[in-house]
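Peer 1: One structure coming up, written as structure tokens, with questions to follow.
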Amino acid sequence: MARNDRNPNAEPKPRRSFFGRLFYWGSVLAVWGLIFAVVFFAIFARDLPDTSSLYNVDRQPSVTYLDRSGALIAVRGSQMAPPVDLDSLPDYVPAAFVAIEDRRFWSHPGFDPIGMSRAMASNLKAKRVVQGGSTITQQLAKNLFLTPDQNLKRKVQELMLAVWLEVKFSKKEILALYLNRVYFGAGAYGIEAASQRYFDKPAQQLTVGEAALLAGLLKAPSRYSPVSESERAAGRATVVLNSMVETGIITEAQRQAAVAEPVRVSRTLASQHAQYFIDWLDKQVRSMVGEQTEDLIVETTLDLSIQTDAERAVRRIIDRDKDKGVEQAALVAMDGDGRVRAMIGGASYPDSQFNRATEARRQAGSAWKPFVYLAALEAGYTPDTVVVDEPVTIGGWSPRNYSGGFAGQMTLAQAVAQSTNTVAAAVADQVGRSNVANVARRLGITGNISTSPSMALGAVEVSPLEMAQAYDAFANGGRRVKAYGISRIRTKSGRIVYQHGGAEANQAIHNPSLYYLNQMLRGVVTGGTGRAAAVGGRDIAGKTGTTSDYKDAWFVGYTGGFTAAVWVGKDDNTPMRRISGGGAPAAIWATFMQAALPKLAVQAIPNGPALPDGWVPPDPVGDLMRDIEEPLVDDTNVPIEDPIYDGPVDPKRPVETAPPAQAPNPKPAPKPSNEALFY
């Protein structure tokens, strides 16, 4: 018997029974567990969000873009329709979301232990997150109150809020809140807004297939978008339909019928018309209107019919010349006051949202030469001034001609039509390259302009928007314009928050310089390097441009009061295969203009300001061209000269490639080299 040191005569205490010990230690653990739970939840509940904001909607106003005639182009920003009553929806619509997102929704207390365990096991097995265990109630709690941060604290708070929602609301009310607040992509929040955005119909009219597609979107709205990822979206919708069959929501026959019936996405959303143009404007709208709480309507200068013509022309020629390395194209068309009527920023908006019309800066090649010749005309040259095509060296740099030879004496008009490099370089040197740069800036070129000798041949990086803006002065009588796309911004209630102030009226080119230049640039199209851009019965002028090794090709042309600039090339700045400005760009330009010009009230190219008293116009350029002894070079059959080595390009020698000139996340563009640019 154990001895008691304090009281040797005391009787020993009886030992507790097994159940007594179990009860005792169970009570101790329960008390400590309760203390731990109180402390744990006190810590995590300390900064829970205010649930009184449940019905508040914090969103940026939506922006609706209209073309110049009031047709809808796009809707950007958050779009939220009035809440839809769950009872007004077909039974299969909410059931589709339950089937794919949370099958035990109607029975769990806000969180699903079975689903959480299954997800945890799958993630541990894959050693990464491959499955989530969140219920619809948890997703609602996260969407309403929490940030998307993935950490333990946020997950615990999500569980706490989910239980609170289950206590406060019925299952039906929770599901209705979820469907009315969840994000469906394309700026649409809630089932009603999503139905209107994707299908142009109210949610009450959704078919089984449409409901399955919308339910499938929630996993990743951009990844399963029926607009840009149609095949992936269809596959996901099929998974939803299978789940609906497994849970008894629809029969196999209904599933087959849904699969057989094609889901047609909204024409406005699916067409992606003018999305590059809308991206360009979207960056401007917020700065123009400041903080706004009302939804906005932006009336633009775009003409959707002409935009469609531009899209078709670009697609047609890219498809035709894809085997020649034509991968990307950009087009900007504007009227004589600078209103942008069409804009193409790339071959495919879903594939790349980088806007090559406004953000890419590529060397202009010979499309730059009109600025050289305008400076010369303002210095006293005329189209019939005699110049000499001969070897020339300026500061150690010797330009070469596309043809590979030298033609000797010719008129300035002939040099323009044939895009003679030696003459352009010599003329720029004589009139001053700083004067050429000043002319370009005066007409709207805003980027850096090098004054190195090769600047005369287009060793200057420009955007298609800048080139169209500058050439527009040739088309409108010599007035400088600033390109714009927004005519007016108003709220849905009709309050005007921005109104364009009208076109600039600065006279940038005077006569006879403008008259002379237009005559020479007509010659480029009627008998020069831009013959492929001719449009029957139209007064057309313009200039081709091709840079070294066919990395960039341009045609910028105009008629009376309407200008378009076209560029083709590759994003990585590697060469195309024998694509010059007189090829694919001129073909795009002509295809576009043939479709667009009948819809426009264009006239002949205006002469511009009053001509000096007693001044007699010279012979038309067509007459000035009559003395050309050699046929003009056909750029599709003549090899281009290498700007680094003498002689033609050796097809066996690897082509040196440059870093991307611009890409969706472009690095600083390389400085223009002093190498010769051709044609």
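The values are calculated or read from the model by the stated rules, or taken from the named source; none is laboratory data. Note that the coordinates shown come from a computational prediction; the quantities given were computed from them, not determined experimentally. Positions of Cβ are generated from backbone atoms using ideal geometry, with glycine treated the same way; all protein chains shown enter the neighbour counts. Heavy atoms of the whole protein, side chains included, go into the accessibility calculation; ligands, DNA and RNA do not. Shrake-Rupley method; radii C 1.70, N 1.55, O 1.52, S 1.80 Å.
Peer 1: Tell me, please, whether a residue that is open to solvent by 20 Å² or more (accessible area, probe 1.4 Å), within 30 Å of residue 278 (Cα to Cα), in a loop (DSSP other than H, G, I, E, B) and modelled with pLDDT under 90 can be found in the stretch 41-57.
Peer 2: Yes, the stretch 41-57 contains at least one residue that is open to solvent by 20 Å² or more (accessible area, probe 1.4 Å), within 30 Å of residue 278 (Cα to Cα), in a loop (DSSP other than H, G, I, E, B) and modelled with pLDDT under 90.
Peer 1: Another question, if that's okay. How do the strands (runs of 3 or more DSSP E) wholly within the stretch 453-564 filter down when requiring 1 or more residues that are at pLDDT below 95, over 26 Å from residue 425 (Cβ atoms) and hydroxyl-bearing (Ser, Thr, Tyr): which remain?
Peer 2: Qualifying strands (runs of 3 or more DSSP E): 486-491, 496-499.
Peer 1: When the residues of the stretch 96-114 are narrowed to those that are of a type in the set (A, V, I, L, M, F, W, C), open to solvent by 20 Å² or more (accessible area, probe 1.4 Å) and outside any loop (DSSP other than H, G, I, E, B), which ends up modelled with the lowest pLDDT?
Peer 2: So, considering only residues that are of a type in the set (A, V, I, L, M, F, W, C), open to solvent by 20 Å² or more (accessible area, probe 1.4 Å) and outside any loop (DSSP other than H, G, I, E, B), the one modelled with the lowest pLDDT is 114.
Peer 1: Just for the stretch 442-467: of the residues that are open to solvent by 10 Å² or more (accessible area, probe 1.4 Å) and among the hydroxyl-bearing types (Ser, Thr, Tyr), which one is farthest from residue 366 (Cα to Cα)?
Peer 2: Restricting to residues being open to solvent by 10 Å² or more (accessible area, probe 1.4 Å) and among the hydroxyl-bearing types (Ser, Thr, Tyr), the top hit is 446.
Peer 1: Taking interchain pairs and intrachain pairs at least six residues apart, which have beta carbon atoms under 8 angstrom, with the first residue in the stretch 465-481 and in contact (Cβ under 8 Å) with a residue 12 or more places away in the chain and farther than 17 Å from residue 368 by Cβ and the second open to solvent by less than 10 Å² (accessible area, probe 1.4 Å) and of a type in the set (Asp, Glu)?
Peer 2: Note: pairs meeting the criteria are 481/472.
Peer 1: I would also like to ask the following. With 284, 328 as the choices, which residue is in contact with a strand residue (DSSP E or B) (Cβ under 9 Å, 6 or more places away or on another chain), among the polar types (S, T, N, Q) and at pLDDT 95 or above?
Peer 2: 328
Peer 1: Given the residues 183, 189, which is the only one that is hydroxyl-bearing (Ser, Thr, Tyr) and in contact (Cβ under 8 Å) with a residue 60 or more places away in the chain? Even if it seems obvious, please write down each step before you answer.
Peer 2: On the way: 183 fails: in contact (Cβ under 8 Å) with a residue 60 or more places away in the chain.
Answer to the selection: 189.
Peer 1: Here's another thing I want to ask about it. Within the set of pairs 6 or more residues apart or between chains, which connect a residue that is at positive phi inside the stretch 548-568 to a residue that is in a strand (DSSP E or B) and open to solvent by 10 Å² or more (accessible area, probe 1.4 Å) with Cβ atoms less than 7 Å apart?
Peer 2: 561/335; 561/603
For every residue, the table says whether it meets (1) within 30 Å of residue 406 (Cα to Cα); (2) touching a helix residue (DSSP H, G or I) at 6+ places or on another chain (Cβ under 8 Å); (3) at pLDDT 95 or above; (4) not acidic (Asp, Glu).
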site: 594; (1), (2), (3), (4): no, no, yes, yes
site: 597; (1), (2), (3), (4): no, no, yes, yes
site: 600; (1), (2), (3), (4): no, yes, no, yes
site: 608; (1), (2), (3), (4): no, yes, no, yes
site: 617; (1), (2), (3), (4): yes, yes, no, yes
site: 620; (1), (2), (3), (4): yes, yes, no, yes
site: 630; (1), (2), (3), (4): yes, no, no, no
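Peer 1: Please go through the stretch 520-559 and pick out each residue that is acidic (Asp, Glu) and buried (at least 24 other Cβ atoms within 10 Å of the Cβ).
Peer 2: 552
Peer 1: Same structure, new question: Taking the stretch 286-310 as the search range and keeping residues that are of a type in the set (Val, Ile, Thr) and closer than 23 Å to residue 594 by Cβ, which one is most open to solvent (accessible area, probe 1.4 Å)?
Peer 2: Only one residue fits best here, namely 308.
Peer 1: So, in the stretch 408-441, of the ones that are over 40 Å from the mean Cα position of the chain (by Cα) and open to solvent by 50 Å² or more (accessible area, probe 1.4 Å), which residue ends up farthest from residue 371 (Cα to Cα)?
Peer 2: 409
One line per residue, one yes/no per condition, for (1) closer than 26 Å to residue 425 by Cα; (2) under 25 Å from the mean Cα position of the chain (by Cα):
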position: 330; (1), (2): no, yes
position: 337; (1), (2): no, yes
position: 340; (1), (2): no, yes
position: 344; (1), (2): no, yes
position: 361; (1), (2): yes, yes
position: 376; (1), (2): yes, no
position: 388; (1), (2): yes, no
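Peer 1: Go through the stretch 188-267 and tell me which helices (runs of 4 or more DSSP H), entirely inside it, have 1 or more residues that are touching a Gly at 6+ places or on another chain (Cβ under 9 Å), within 20 Å of residue 90 (Cα to Cα) and open to solvent by 40 Å² or more (accessible area, probe 1.4 Å).
Peer 2: 230-246, 252-260
Peer 1: Could you please find all residues in the stretch 145-172 being at pLDDT 75 or above and under 19 Å from residue 189 (Cβ atoms)?
Peer 2: Matches in the stretch 145-172: 165 only.
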